[in-house]
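Structure first, commentary second.
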Amino acid sequence: MAFPILSAILLVVSISLEADPLIPRAQQREKAGDTEGAARLYAAWLQANAGAPGSARVFSSYFRLENEFLTLRDASLKFLVAGRGVPGAAEQFAAIGRLFELGGMIGEARDAYLSAYAEGAPDTTLVWAFLLSLQMHETDAMTKCLAGLKARGGAAEALLQVLADIEDGHTESAGTTLAGLADSSGDPDVVLKALWVMYARARAAEDQKGQADARARLSAAFPGAPETALVSSPGSAPAVLFPSPDVFVPGEAPGQAPPGPLTAPPGKVSVQAGSFQVKENADDLSAELSKRGFAPIQRLETIQGKDHYRVFAGVGLDPVQARELLAKLLQEGFNGILVTEK
C-alpha cells in the first residue's frame, strides 16, 4: 500500500505546483534559456511557500540554476530549516552539504549531511558527516550524535568504534574500520573522501606509515584523481596569497596586502577550486592546479574566527570566461564553483 499512497502524494504535489503561476513562468524562462530569470522565479516561490509539500522539488530546480554562490548559500541555509519533514528533503539536504563543503563551510556541511540522514538519507551521508568532523578535529559533538543514533543501527556503532580507536591511539585499527565502511558504501566519492581524510590526519600527526597506507590505497583505487597526485608529490607551488575582497570578509582582512588592486572590477566572477582551514592543503591543491596548466591564487579570509584558505583557478573574469574556465576545471577532475564579486 505504501507505493500507491506515495504516488498519490506526488501527483497532488505535481498538480498543485503546476497550478501556481510562478512555476509555469519559471519553466518557460528556463526553456527559453533565461536561467537567471527562472532562478529568480523559483526563489520567489520558495520565499512564499516555505515548508510547502512541493518545496523540495522547486528547490531542486532552483539549486540547479542558481550560479551565484553567496545567493545559493543563503537560500540553502533557509531551506535546511524550512524543508524539514518535506518529501524529498533528504536528497536536497545532501546536495547542500556538498555545496557547503566546496565553499569551505565545513561545519555547516557536516550539519547538512546530518540533517539529510535525519530525513532518511542512507548511511553514506552519516559517514560523510563523520569524515568532516575528523577533518575539523571536532569529534565531541559527533560522538554524542552517534550515541543517539546507535539504536537506529547502520553505520553509527561502527563509527563510534572508529572514534574509540582514535581516542585510544589505535590509528591503524581506526583506519581499517573507516576504510571498510567507505568501501561498503558503494559510493566512490565516499571512498575517495575517506582516504583523503585519513591521509590528511596522518600527515598532521606526522604518521609516516599512515600516510603511506592512505597514499597506496589512493594510488590503487583512484590513479587519476587530483587527490592522488597531491599525496604523491605534496609541496608548495607558486601562488599569490592575499586577503579576500569585501564580498568574502566583512571588515578588514588580516595580513599584508601585496601591491596592486585586491578586488576584481564590479560584477566580475571568480572560479573557486577549494577552501581549506589548513594552508598546506591549499598549497597542495595550488601545486596540482599549476601542474595542470592553471594559475592558482589563494585568498585568506576569516570566518567566525577561523582562517580559511580559498584556492581560485581564476579571478576577475567576465561571466563567459568564468564558465569556460569552470568547465575546464571540471574536465580536469577538480571541483569548482562560481563566485560573483560585487
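Pick from the stretch 137-150 the residues that are aliphatic (A, V, I, L, M) and either free of Cβ contacts under 8 Å to residues at least 12 places away in the same chain or surrounded by 15 or more Cβ atoms within 10 Å (Cβ to Cβ) (or both): which of them is nearest to ALA202 (Cα to Cα)?
Going through the qualifying residues, I end up with MET142.
Given the condition modelled with pLDDT of 90 or more, in the same structural domain as LYS193 (by TED's automatic domain parsing) and under 13 Å from the mean Cα position of the chain (by Cα), answer yes or no: does some residue in the stretch 115-125 qualify?
Taking every residue of the stretch 115-125 in turn, at least one turns out to be modelled with pLDDT of 90 or more, in the same structural domain as LYS193 (by TED's automatic domain parsing) and under 13 Å from the mean Cα position of the chain (by Cα).
Please find, within the stretch 157-176, the residue that is surrounded by the fewest Cβ atoms within 10 Å (Cβ to Cβ) out of those that are in contact (Cβ under 8 Å) with a residue 24 or more places away in the chain and within 18 Å of GLU206 (Cα to Cα).
Applying the first criterion (in contact (Cβ under 8 Å) with a residue 24 or more places away in the chain) to the stretch 157-176 yields 159, 162-163, 166, 171-172, 175.
Remaining after also requiring within 18 Å of GLU206 (Cα to Cα): 166, 171-172, 175.
Values: ILE166: 17, THR171: 18, GLU172: 13, GLY175: 26.
That would be GLU172.
Run down LEU17, LEU41 and say which single residue is outside the structural domain of LYS268 (by TED's automatic domain parsing), crowded, with 16+ Cβ neighbours inside 10 Å, assigned to a helix (DSSP H, G or I) and modelled with pLDDT under 90.
LEU17
So GLU91 clears everything in (1) crowded, with 22+ Cβ neighbours inside 10 Å; (2) charged (D, E, K, R); (3) under 24 Å from ASN49 (Cα atoms) except one condition, right? Which one?
That leaves (1) as the condition not met.
With respect to the numbered conditions (1) within 20 Å of PHE276 (Cβ to Cβ); (2) crowded, with 20+ Cβ neighbours inside 10 Å, which one is the sole condition not fulfilled by PHE222?
(2)
Of these, SER133, SER115, SER76, SER60, which one is surrounded by fewer than 20 Cβ atoms within 10 Å (Cβ to Cβ), in a helix (DSSP H, G or I), small (Gly, Ala, Ser) and in contact with a helix residue (DSSP H, G or I) (Cβ under 9 Å, 6 or more places away or on another chain)?
SER60
Listed here are the residues, each with its yes/no results for (1) in a helix (DSSP H, G or I); (2) among the aliphatic types (A, V, I, L, M); (3) not assigned by TED's automatic domain parsing to the domain that holds THR125.
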| residue | (1), (2), (3) |
| --- | --- |
| GLY154 | no, no, no |
| SER173 | yes, no, no |
| THR177 | yes, no, no |
| ASP183 | yes, no, no |
| ALA200 | yes, yes, no |
| LEU218 | yes, yes, no |
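Can you tell me which residue among ASN49, ASN67 is touching a residue at least 60 places away in the same chain (Cβ under 8 Å), in contact with a Ser or Thr (Cβ under 9 Å, 6 or more places away or on another chain) and over 24 Å from GLU138 (Cβ atoms)?
Numbers: ASN49 fails: touching a residue at least 60 places away in the same chain (Cβ under 8 Å).
ASN67 is the lone residue from the list that is touching a residue at least 60 places away in the same chain (Cβ under 8 Å), in contact with a Ser or Thr (Cβ under 9 Å, 6 or more places away or on another chain) and over 24 Å from GLU138 (Cβ atoms).
The values are calculated or read from the model by the stated rules, or taken from the named source; none is laboratory data. As the structure is a computational prediction, the values presented were derived from the model and not from experiment. Here the Cβ is made from the backbone with ideal geometry for all residues, glycine too, and neighbour counts use every protein chain on show.
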